[in-house]
1. Going through the range 57-110 one residue at a time, which ones are among the hydrophobic types (A, V, I, L, M, F, W, C) and at pLDDT below 80?
2. For the range 50-63, check the following and say yes or no: at least one residue is in a strand (DSSP E or B) and of a type in the set (Asp, Glu).
3. Can you confirm whether VAL52 is outside the structural domain of GLU150 (by TED's automatic domain parsing), within 23 Å of ILE96 (Cβ to Cβ) and surrounded by fewer than 16 Cβ atoms within 10 Å (Cβ to Cβ)?
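The values are calculated or read from the model by the stated rules, or taken from the named source; none is laboratory data. Keep in mind that this is a model prediction, so the values were computed, not measured. When we count neighbours, we look across all protein chains shown, and the Cβ atoms used for this are built from the backbone with ideal geometry, even at glycine.
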Amino acid sequence: MALNPYDDKRDKILRFLYERHKQSRGIAKIPIGIRDLQSEMKSRHSMTQQDVASNLDYLVQVGWVREVVKERSITTKKGMELSQEQVKYKISDIGINHLEAGTLFKSMENSHNINITNVQGVTIIGNGNIVNNEYTDLSRLLDVLEKEIESSDRLDDAQKLDVSGDISTIRTQIAKKNPNKNIISSAWESLKVLATLAGATDAVTKIGVIIKNLF
């Protein structure tokens, strides 16, 4: 299949946002404004403002990048207080899974629009997660682990973000008919270290046993 001539620019934007996602010390610092993103892309890859704007817009539309909208108040010279939207951008879970699993760029339909009654061997559990029936116990334990991580005071925001990314990677795989065992194992090796550090030893032990028996 011939490459879309814009894919190289989209890939550069997405990888920059991915590295920002991985390296930021706090969740609030991950999103970046359009002006700052254009400046980074110009200095790193000689991309024009139009290149960044059009390709970023495409990535948002297909779900690889997510808009983060924040309301803020500004005071005019006359003392009037006005509400103004501040829009920033960050890589989405779909974008992260794309880079970590090595899939091709393509628009992904929301799983809520999939009629799973037509798909043999899958079910929906938890927060709308589509899961191969063989892995429902694993998915439920991931829910438990995720809640324990969120409430833990032993991990900082950056570490919790890494855990969330690894859990998302495993979820993506166990929704498939034929999950990639190497991707799951790699994500779990990274995840279990931080999960243990967070004190979620019971969930770590149970998930470890399931993954070992399955794969």
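1. Hits for the range 57-110 are ILE74, LEU82, LEU99, ALA101, LEU104, PHE105, MET108.
2. No, because not a single residue in the range 50-63 is in a strand (DSSP E or B) and of a type in the set (Asp, Glu).
3. no
Results for (1) modelled with pLDDT under 90; (2) on the phi < 0 side of the Ramachandran plot, shown as yes or no for each residue.
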residue: GLY121; (1), (2): yes, no
residue: ILE130; (1), (2): yes, yes
residue: ARG140; (1), (2): yes, yes
residue: ASP156; (1), (2): yes, yes
residue: SER186; (1), (2): no, yes
residue: THR205; (1), (2): no, yes
